Amino acid sequence: MLTHPSPVATATDQLPQVTHPRNPGMPLDLDWVAGVQANTPAIERRAATLPGRRSVKKDWQAAWLLKSITLIDLTTLSGDDTEGRVQRLCAKARQPVRADLLEALGMPGITTGAVCVYHDMVPAAVRALEGTSIPVAAVSTGFPAGLSPFRLRIAEIGESLRAGAREIDIVISRRHVLTQNWQALYDEMAEMRSACGEAHVKAILATGDLGTLRNVARASLVCMMAGADFIKTSTGKESVNATLPVSLTMIRAIRAYQDRTGIKVGYKPAGGISKARDALVYMSLMKDELGHPWLQPDLFRFGASSLLGDIERQLEHHLTGRYSAANRHPMG
């Protein structure tokens, strides 16, 4: 069973200061990359056991759900996004759960980990979050396909930074992985990392497009070698997004990189995580594989939107014993 030193009061160490160094990267080690394998049947068997292996109930479940709120990159990435929608999303990030529920749980004032939007919506999000510590994350570099001219992708990073984004979610060129051109992937990632400056960079692998878990493992390692602060599963636009086998593969690449370099790299599953029970499974996986530091927002995020509504619904059930309709917990 998952445990925590105090059920609710210490469950949400809100946005702690980063105490580990950023990933500076390292020279590309092609021998290491070539040696990376992925035992797909074994990974899938292990992943299949995860939902049934962990159980948290009552106050412990409430504590972990409150913690999960602080790990969410609350996201809107739709073609019909407007400033009004982003403002409502930011209001939800500032007050993610009804005030009366948080008061009853003894946890007023918690927020989501970040708000994630398209570049054009960054100024609206920055204004809406003024006075908080909630960072704005911008998807960039020709999101979601990453097929615009490279100079424009680099320029887009600069524009997002000038607009106030503090985190940049970049997309890699999938063709470099599919053709095993690791030098090209490394050079691309390193230049994007440099363009991000002090902003933390999350490398989106679009794992649903990469074909095999071995490709996922090798791409994860190359992006970390090139300086990615986080590796992220998906844009949310692929036919297959975050899955437990992919997550296990990427998490073990993070562990191997830390073992070799001593550097901690973050992880962000995105796309398809919409239920509170799913969040608990991913959190238990992080704790099992990487340890408690990866249950903090500086090393773990969910890319999600509807997840927050289900978490709020579960917290209300914890307090009242009744399930309310999902439409009572809107995003804004």
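The values are calculated or read from the model by the stated rules, or taken from the named source; none is laboratory data. Note that the structure is predicted; figures quoted are calculated from it, not measured. No Cβ is skipped: glycine too gets one built from the backbone with ideal geometry, and neighbour counts run over all protein chains shown. Just so you know, the surface numbers come from the protein's heavy atoms only, side chains and all, with ligands and any DNA or RNA stripped out. Shrake-Rupley method; radii C 1.70, N 1.55, O 1.52, S 1.80 Å.
Below are the figures for this structure:
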read-out	value
Solvent-accessible surface ranking, highest first, for E83, E167 at 1.4 angstrom	E83, E167
Environment charge of D169, counting only residues whose C-beta is closer than 9 Å and scoring Lys/Arg +1, Asp/Glu -1	+1
Whole-Hz couplings from phi, Karplus 6.51/-1.76/1.60, listed for the stretch 95-101; x for Gly and Pro	10, x, 9, 3, 4, 5, 5
Sparse-neighbour loop sites [GluC sites (Glu not before Pro); the stretch 170-246; at most 13 other C-beta within 10 Å; DSSP]	E198
Residue-averaged [θ]222 nm for the chain, counting only DSSP H segments that reach four residues, each worth -39500 (n - 2.57)	-14000 deg cm²/dmol
Inter-label distance, nm, simple model (7 Å from Cα along the C-beta direction), E103/K57	3.1
Degrees between helix 150-162 axis and first principal axis of the chain (Cα, 0 to 90, nearest 10)	40
Student exercise, the chain dipole from Lys, Arg, Asp, Glu Cβ charges, in Debye to nearest 20	760
Sites V240 and K275, calculated FRET efficiency, Cβ-Cβ separation with R0 22 Å, nearest 0.05	0.80
Per residue solvent-accessible surface (Å²) - the stretch 214-263, probe of 1.4 Å	28
Amide hydrogen neighbours beyond the local backbone of A270, cut-off 5 Å, H modeled	T233, S234, A242, G303
Euclidean distance between Cα centres, the stretch 49-118 to the stretch 226-278, Å	19
Rounded tilt (10° steps) of 244-261 against the dominant C-alpha axis of the chain	60
Principal-axis tilt of helix 58-69 within the chain, Cα atoms, nearest 10 degrees	50
Förster radius 25 Å - calculated FRET efficiency between A48 and R175 (Cβ-Cβ, nearest 0.05)	0.20
Residues in the stretch 44-88 reached by a label modelled at H317 [backbone nitrogen below 19 Å; 7 Å Cα→Cβ]	51-69
The stretch 150-274: C-alpha gyration tensor shape, a/c 1.5 cut-off, then a/b vs b/c	rounded
Carbon plus sulfur fraction of accessible area for the chain, probe 1.4 Å, in percent	51
Cα gyration tensor shape of the chain, rounded if a/c is under 1.5, else prolate or oblate by comparing a/b with b/c	oblate
Amide H contacts under 5 Å for V171, placed H, 5+ residues apart	S140, I204
Net charge dipole size for the stretch 236-316 [Lys, Arg +1 and Asp, Glu -1 on Cβ; Debye, nearest 20]	220
